[in-house]
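Asks: Handing you this structure, nothing more for now.
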Amino acid sequence: MQAVQRPSRQSGVTLVEVLVSMLIMALGMVSLAALQTFTLKYQMGSVQRAQLSGLLSDYTERVRSNLLQAPGQQPASPYLMAATWTQQATAAPPAIAKDCASEACVAAELAAFDMAQWRARVRNELPQGSVRVDAAGNNGMTITFMWSDKEMRADAVQVARTSNTCTAAMTGLDQQTCCPQSVGAPEGVRCARFEVLP
């Protein structure tokens, strides 16, 4: 009796199968790394938005507590700030003339104290942070925050970008993220504009 030969079964995996599985795994790891990069980028953006919200709230509360010096009441209000980016980014934060937290102050002294404290806070919380406050219609104010943003700076991969310059035709998000021409914001500076009514 002759033995029947069975076809041989393959045991183990071939080199091609191993290479394909390694390629799939490598693509998955690269995708995860890219996802992590975008997550960090958007997380930094949300941190900056939270900081801007806190700074804006602090400013409006200071003005509301001293309405006699508000821009609607005083044409040359101490709560207005018209300096350019260069004047603020290169200068030291303003000194406080009189500490109204521990001494009694009149309304004008309180306004100067508020602005010095608030501008120092803007400088500390935003990278090279500076601010411009202009009077707006209906006794309101337009507040423009400016800061150095590494996403807008030149590096080996990307060219430096400049924020859009504000125009009267802008609306919506374009109007909220443009820099007024008068601030002279250079490349790498990002702006955020808000209109408030005290």
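Asks: Checking residue 104 against (1) assigned to a helix (DSSP H, G or I); (2) more than 16 Å from the chain's Cα centre (by Cα); (3) at pLDDT 85 or above, which test does it fail?
Replies: It fails just one condition, (1).
Asks: Still on this structure, I have one more. Suppose we filter region 182-198 for residues that are at pLDDT 80 or above and in a helix (DSSP H, G or I); how many remain?
Replies: 0
Asks: Can you tell me which of 69, 73 is modelled with pLDDT under 90, more than 29 Å from residue 189 (Cα to Cα), in contact with a Pro (Cβ under 7 Å, 6 or more places away or on another chain) and not hydrophobic (A, V, I, L, M, F, W, C)?
Replies: 69
Asks: Another question, if that's okay. Taking residue 91 as the residue in question, decide whether it is surrounded by fewer than 20 Cβ atoms within 10 Å (Cβ to Cβ) and not in a helix (DSSP H, G or I).
Replies: When the stated conditions are applied, residue 91 passes them.
Asks: A further question on this structure: Cβ-Cβ below 9 Å, separation at least six or inter-chain, first residue in region 49-78 and within 22 Å of residue 123 (Cβ to Cβ) and part of a helix (DSSP H, G or I), second of a type in the set (Ser, Thr, Tyr) and modelled with pLDDT of 90 or more: which pairs?
Replies: Once the first residue is within 22 Å of residue 123 (Cβ to Cβ) and part of a helix (DSSP H, G or I) and sits in region 49-78, no partner that is of a type in the set (Ser, Thr, Tyr) and modelled with pLDDT of 90 or more comes close enough.
Asks: Which of the residues belonging to region 168-187 are surrounded by 19 or more Cβ atoms within 10 Å (Cβ to Cβ) and within 24 Å of residue 46 (Cβ to Cβ)?
Replies: Passing the criteria: 178, 179, 185.
The values are calculated or read from the model by the stated rules, or taken from the named source; none is laboratory data. This structure is a prediction, so every number in the text was calculated from the model and none was measured. FYI the Cβ positions are ideal-geometry reconstructions off the backbone, even for glycines, and counts take in every protein chain you see.
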